[in-house]
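Trainee: Have a look at this one before I ask anything.
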Amino acid sequence: MRGLLVIGHGSRRDEANATVRELARRLATEPRQDGDGCAGRPPSAPAAPRPWGAVEAAYLEVSRPDIGEGYARLADAGCTEIVVYPFFLFGGNHTRRDLPAALEEARGRHPTTRWILSEPLGLHACVVEAVRARLDDTLRDLVAAAEHPTG
């Protein structure tokens, strides 16, 4: 069985950690639709089955479960292939060094498993569109504030 491990940086602020948990929940429960939610494009194909049997959220630092605990949950659920998604904006020391080291340590405790690390968001076309949408919202707020000043 294939599992998905969504890894966030980890924070002392629960609302930051909640975002990682919510992404994992959505990836576990919502059907996949190509194009859905990116630049307003309609899905190009019908909903496909989820390619993983189990999904867990984990954190690199500060928060629990840590990577080893999340990996163990997937292995204990019967996952032998673990796809790892680093919920980071861009690659760096964490994605190139720290995550692989933690994953290898976890795999050492579950030798019948293997893992593969996905690329972080980076400049994926949907990220660029999401940034444009946020900027459009901000510009609308700016115009509205200028038209209706307070105080």
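Trainee: How do the pairs read when you match residues in the range 1-27 that are within 14 Å of residue 54 (Cα to Cα) with residues anywhere that are of a type in the set (Asp, Glu), using Cβ under 8 Å and keeping only pairs 6 or more apart or on different chains?
Mentor: Going by the 8 Å Cβ cut-off, the qualifying pairs are 1/81; 2/81; 3/56; 3/81; 4/56; 5/56; 6/56; 24/56.
Trainee: Let me ask you something else. Return the residues of the range 133-151 that are surrounded by 10 or more Cβ atoms within 10 Å (Cβ to Cβ) and of a type in the set (Gly, Ala, Ser); say none if nothing qualifies.
Mentor: Listed by number, the residues that qualify are 133, 145.
Trainee: Please enumerate the residues belonging to the range 117-151 that are of a type outside the set (D, E, K, R), closer than 30 Å to residue 98 by Cα and assigned to a helix (DSSP H, G or I).
Mentor: Taking the range 117-151 and keeping what is of a type outside the set (D, E, K, R), we get 117-118, 120-128, 130-131, 133, 135, 138-139, 142-146, 148-151.
Those still in the list that are closer than 30 Å to residue 98 by Cα too: 117-118, 120-128, 130-131.
Selection gives 125, 126, 127, 128, 130, 131.
Trainee: Step by step: first the residues of the range 104-137, then only those that are aliphatic (A, V, I, L, M) and in contact with a helix residue (DSSP H, G or I) (Cβ under 9 Å, 6 or more places away or on another chain), then the one that is modelled with the lowest pLDDT. Which residue is that? If you could, list the steps in order and put the result at the bottom.
Mentor: Our first condition is that a residue be aliphatic (A, V, I, L, M); within the range 104-137, this holds for 106, 116-117, 121, 123, 125, 127-128, 130-131, 133, 135.
So of that shortlist, the ones also in contact with a helix residue (DSSP H, G or I) (Cβ under 9 Å, 6 or more places away or on another chain) come out as 106, 117, 121.
Values: 106: 98, 117: 97, 121: 89.
Top of the filtered list is 121.
Trainee: Is it true that some residue in the range 121-132 is surrounded by 12 or more Cβ atoms within 10 Å (Cβ to Cβ), of a type outside the set (Val, Ile, Thr), more than 16 Å from the chain's Cα centre (by Cα) and outside the structural domain of residue 94 (by TED's automatic domain parsing)?
Mentor: Yes; the residues of the range 121-132 include at least one that is surrounded by 12 or more Cβ atoms within 10 Å (Cβ to Cβ), of a type outside the set (Val, Ile, Thr), more than 16 Å from the chain's Cα centre (by Cα) and outside the structural domain of residue 94 (by TED's automatic domain parsing).
Trainee: Can you tell me which of 96, 64, 50, 73 is closer than 21 Å to residue 12 by Cα, without any contact (Cβ under 8 Å) to a residue 24 or more places away in the chain and basic (Lys, Arg)? Step through it out loud before you land on a result.
Mentor: On the way: 96 fails: closer than 21 Å to residue 12 by Cα; 50 fails: closer than 21 Å to residue 12 by Cα; 73 fails: closer than 21 Å to residue 12 by Cα.
64 is the lone residue from the list that is closer than 21 Å to residue 12 by Cα, without any contact (Cβ under 8 Å) to a residue 24 or more places away in the chain and basic (Lys, Arg).
Trainee: In the range 72-93, what residues are in contact with a strand residue (DSSP E or B) (Cβ under 9 Å, 6 or more places away or on another chain) and over 18 Å from residue 54 (Cα atoms)?
Mentor: Within the range 72-93, 88 is the sole residue that qualifies.
Trainee: Another one. Quick one: in the range 61-93, which of the residues that are among the small types (Gly, Ala, Ser) and not in a helix (DSSP H, G or I) is surrounded by the most Cβ atoms within 10 Å (Cβ to Cβ)? Spell out how you get there, then give the answer.
Mentor: Step one: list which residues in the range 61-93 are among the small types (Gly, Ala, Ser), which gives 63, 68, 70, 72, 75, 77-78, 91-92.
Checking the rest, the ones that are also not in a helix (DSSP H, G or I) come to 63, 77-78, 91-92.
Values: 63: 20, 77: 13, 78: 10, 91: 14, 92: 12.
Checking each candidate, the answer is 63.
Trainee: Quick check: anything in the range 94-111 within 22 Å of residue 50 (Cβ to Cβ), aliphatic (A, V, I, L, M) and in a loop (DSSP other than H, G, I, E, B)?
Mentor: No, the range 94-111 contains no residue that is within 22 Å of residue 50 (Cβ to Cβ), aliphatic (A, V, I, L, M) and in a loop (DSSP other than H, G, I, E, B).
Trainee: Examine the range 109-118 for a residue that is closer than 21 Å to residue 2 by Cβ, loosely packed, with under 15 Cβ neighbours inside 10 Å and among the basic types (Lys, Arg), and state whether such a residue exists.
Mentor: yes
The values are calculated or read from the model by the stated rules, or taken from the named source; none is laboratory data. Predicted model, so just to flag it, every value in this text is computed and none were measured. Every residue, glycine among them, receives a Cβ derived from its backbone with ideal geometry; neighbour counts consider all protein chains shown.
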